[in-house]
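The values are calculated or read from the model by the stated rules, or taken from the named source; none is laboratory data. Given the structure is predicted, the values throughout are model-derived calculations rather than measurements. So basically every Cβ, Gly included, is an ideal-geometry build from the backbone, and we count neighbours across all protein chains shown. Note: areas computed on protein heavy atoms with side chains; ligands, DNA, RNA excluded. Shrake-Rupley method; radii C 1.70, N 1.55, O 1.52, S 1.80 Å.
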Amino acid sequence: MTESTAARKPRRSAGSKATGTTGTKAGAAAAKAGTAGAKRTTRTAATKGPATELVQLLTPEGERVETAAYAEYAQYVAGITPDELRGLYRDMVLTRRFDAEATALQRQGELGLWASLLGQEAAQIGSGRATREDDYVFPTYREHGVAWCRGVDPTNLLGMFRGVNNGGWDPNSNNFHLYTIVIGSQALHATGYAMGITKDGADSAVIAYFGDGASSQGDVSEAFNFAAVYNAPVVFFCQNNQWAISESNEKQTRVPLYQRAQGFGFPGVRVDGNDALAVLAVTRWALERARRGEGPALIEAYTYRMGAHTTSDDPSRYRHDDERVAWEAKDPILRLRRFLESAHHADEGFFGELEAESEALGKRVREVVRAMPDPDRFAIFENVYADGHALVDEERAQFAAYQASFAEAEGV
């Protein structure tokens, strides 16, 4: 059971364009006017969205974007310090190193599976650092960067992927729920929790993470509706990494995902998910309005899954390398480094020390995982039925014979 932490004292952490022809100029003008009218009728006070489709504060080249179009969000990072910017960079670098080490450990047989976050570091670190200590986070199974921001030891994430526990941390210690494997269900859990803290009278907020694939799940739509009707203080954070395993966005939705929020009566924002500064700003905006009692919001972090869905997936079977190359030019870590260097906020000494820290983290992760016990291969059969079952017994015996065949082969 997850207990409410709402009564705790709040403390801040670090923190298709239409191509149809009309035949006449008058027809084109009418079509344009009709579109504008439709926008005016849907942008009510409750569903007011962003002035532009993609919020970006740092270009891929690391240049600061200064425009009034983003002012509503930029104000939330107006006072960010060089130290905080270096902190965001450090978080992303160390998270990427941990993730790479976990992938390597799976390839070496130390983990049964791993879901990499490669390419999504800015979406996770930017949003994770926007949360307060008393906020509650509901992740999927890929939010390793958010876990880092919430103070969860990265080695605690690996026991489940090794098969030796069901989650290696206490959710109430860091207000970070256990990883959710069932696609989309955590959106409902988050909404229910948010409704609960409202009854507790607290000013904290809840954030629920999910991917573009999960946005097609009924649970997510139900969560949107409940959150809207009950004005729950929850932020729905969708990491749109372009692929739901092997299904592209084009096969999932006819409109940008953030626009779905309008149908439920709350605002949606699309942010450059490879821009840590923009993600931080937009998430702070959404969490603050939730704490003020203004209800839910949907953030679509437009990013890219650089690696496989999990280590059991082969993305080369369904997407082209040129797509990945195009997104590599938007790398979130390189983007922030370019900005730090151009603004003289970091020098070679900082980057060198971080590299050493990264190496030390990788070494610690390897040592901890290799010291973990081996998973009990037969545990899967133990709790299927309370009183046992003949079919399960038969399957257990077949599996035991299969395992024994390896020992026999090694002895030959």
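Okay, here's what the table says:
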| item | result |
| --- | --- |
| Residue among THR283, THR310 that is among the polar types (S, T, N, Q), open to solvent by less than 30 Å² (accessible area, probe 1.4 Å), in a helix (DSSP H, G or I) and out of contact with any Lys or Arg (no Cβ under 7 Å at 6 or more places or on another chain) | THR283 |
| Every pair of residues 6+ apart whose Cβ atoms lie under 8 Å, when the first sits in the stretch 159-174 and is under 18 Å from GLY145 (Cβ atoms) while the second is surrounded by 15 or more Cβ atoms within 10 Å (Cβ to Cβ) and polar (S, T, N, Q) | PHE161/GLN106; GLY168/THR155; GLY168/ASN156; TRP169/ASN156; PRO171/THR2 |
| Scan of the stretch 366-392 for residues that are surrounded by 12 or more Cβ atoms within 10 Å (Cβ to Cβ) and part of a helix (DSSP H, G or I), ordered by number | ARG366, VAL368, VAL369, ILE380, PHE381, VAL392 |
| Those residues of the stretch 66-84 which are modelled with pLDDT under 95 and within 25 Å of TRP327 (Cα to Cα), in sequence order | GLU66, THR67, ALA69, TYR70 |
| Which listed residue, of LEU361, LEU354, is farther than 30 Å from TRP243 by Cα, open to solvent by less than 50 Å² (accessible area, probe 1.4 Å) and under 27 Å from the mean Cα position of the chain (by Cα) | LEU354 |
| Single residue of THR140, THR81, THR103 found to be closer than 17 Å to VAL152 by Cβ, open to solvent by 10 Å² or more (accessible area, probe 1.4 Å) and of a type outside the set (D, E, K, R) | THR140 |
| Lone qualifier among GLU101, GLU61 - being outside any loop (DSSP other than H, G, I, E, B) and at pLDDT 50 or above | GLU101 |
| Single match in LYS330, LYS251 (criterion: open to solvent by 30 Å² or more (accessible area, probe 1.4 Å) and more than 27 Å from PRO82 (Cα to Cα)) | LYS251 |
| Residue pairs meeting the criteria (Cβ under 7 Å; at least 6 apart or on separate chains; first under 13 Å from TYR89 (Cβ atoms), in the stretch 346-363; second open to solvent by 40 Å² or more (accessible area, probe 1.4 Å)) | ALA346/ARG86; PHE350/ARG86; LEU354/ARG90; SER358/ARG97 |
| Selection status of ASP203, farther than 30 Å from ASP314 by Cβ and modelled with pLDDT under 95 | yes |
| Complete set of residues in the stretch 275-285 that are closer than 10 Å to SER127 by Cα and either touching a Pro at 6+ places or on another chain (Cβ under 7 Å) or of a type in the set (A, V, I, L, M, F, W, C) (or both) | ALA276, LEU277, ALA278, VAL279, LEU280, ALA281, VAL282 |
| Residues of the stretch 67-86 satisfying the condition of being of a type outside the set (Ser, Thr, Tyr), in a helix (DSSP H, G or I) and under 28 Å from GLY268 (Cα atoms) | ALA68, ALA69, ALA71, GLU72, ALA74, GLN75, VAL77, GLU84, LEU85 |
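Listed here are the residues, each with its yes/no results for (1) within 24 Å of GLN56 (Cα to Cα); (2) open to solvent by less than 10 Å² (accessible area, probe 1.4 Å).
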{"position": "ALA123", "(1), (2)": "yes, yes"}
{"position": "ARG132", "(1), (2)": "yes, no"}
{"position": "ASP135", "(1), (2)": "no, yes"}
{"position": "CYS149", "(1), (2)": "yes, no"}
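Quick grid of which residues meet (1) under 16 Å from the mean Cα position of the chain (by Cα); (2) outside any helix (DSSP H, G or I); (3) modelled with pLDDT of 95 or more:
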| site | (1), (2), (3) |
| --- | --- |
| THR52 | no, yes, no |
| ARG96 | yes, no, yes |
| GLY126 | yes, no, yes |
| THR140 | yes, yes, yes |
